[in-house]
1. In the stretch 76-163, what trypsin sites (Lys or Arg not before Pro) fall in a loop by DSSP, with at most 15 other Cβ atoms inside 10 Å?
2. Between TRP132, ALA50, PRO27, whose Cα lies farthest towards the positive end of the dipole of the stretch 18-133 when Lys and Arg beta carbons carry +1 and Asp and Glu beta carbons carry -1, centred on the Cα centre?
3. I'd like the orientation of helix 137-153 relative to the chain: the angle between its Cα long axis and the longest Cα principal axis, in ° from 0 to 90, rounded to 10.
4. Have a look at TYR142, VAL18, SER99 and report the one farthest towards the positive end of the charge dipole of the chain, computed about the Cα centre with Cβ charges (Lys/Arg +1, Asp/Glu -1).
5. Just how large is the dipole of the chain about the Cα centre, in debye to the nearest 20, putting +1 at every Lys and Arg Cβ and -1 at every Asp and Glu Cβ?
6. Cβ under 14 Å from GLU108's Cβ, GLU108 left aside: what net charge do those residues give with Lys, Arg +1 and Asp, Glu -1?
7. Mind pulling the angle between the C-alpha long axis of helix 35-44 and the longest principal axis of the chain? Nearest 10 degrees, somewhere in 0 to 90.
8. Quick check: the angle from helix 79-89's long axis to the longest principal axis of the chain, C-alpha only, nearest 10 degrees?
Amino acid sequence: MLSAVLSKYQQSYRRMLVDMHIPDWDPAFLSRYDPAVMAEQLARANLTGAMLYCKSHAGLCYWPTPVGRMHGGIGGRDMVGALLAGLRSRNLAACAYYSIVFDNWAVEAHPDWRQRTAAGSDFKGISRYGTWCTNHPGYRAYEMAQLGDLLSRYEFDAACFST
């Protein structure tokens, strides 16, 4: 009975995530990334599910969102849609990976959204990624708009919201 309420991704037993916290300061980064080849490689590895990056800690998106910024190296291509189609055509479950709180692009573009210490300085924590204050109305509006776009555009079997 339990399997009836679990998503296809949750029921999958061989899953994989290819880490893509990749900045775009070099235009060559991800310029040759091919989602069709990635889907084929994941299928050849006999996986039953894959987690695909939608937005990394760098704050760069892998789909043509009107909110925020796409990764510059992908040349405007819809990597999320293409990989999702490739996974679906191979009957592989798909889980969206989306970074919340860690977002280098947002903290650079909107310094007033940054998380601050009680003394007022930028919170650095132990991360090389910028963190923003989850209580800031601008942050919340940005995340809600971006997530709304992502989840209305694609259908995933599961989602991982990384904080």
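1. ARG90, LYS124, ARG128
2. Of the listed residues, the answer is ALA50.
3. 20
4. Farthest towards the positive end: VAL18.
5. For this selection, approximately 360 debye.
6. My count for the surroundings of GLU108 gives -1.
7. Helix 35-44 and the main axis of the chain meet at about 50 degrees.
8. With both axes taken from Cα atoms, the answer is about 20 degrees.
Where a number appears in this text, it was derived from the coordinates with a stated rule and is not lab data. Small disclaimer: the values here were computed from a predicted structure and weren't measured. Methodologically, a virtual Cβ is constructed for each residue, glycine included, from the backbone with ideal geometry; neighbour enumeration extends over all protein chains shown.
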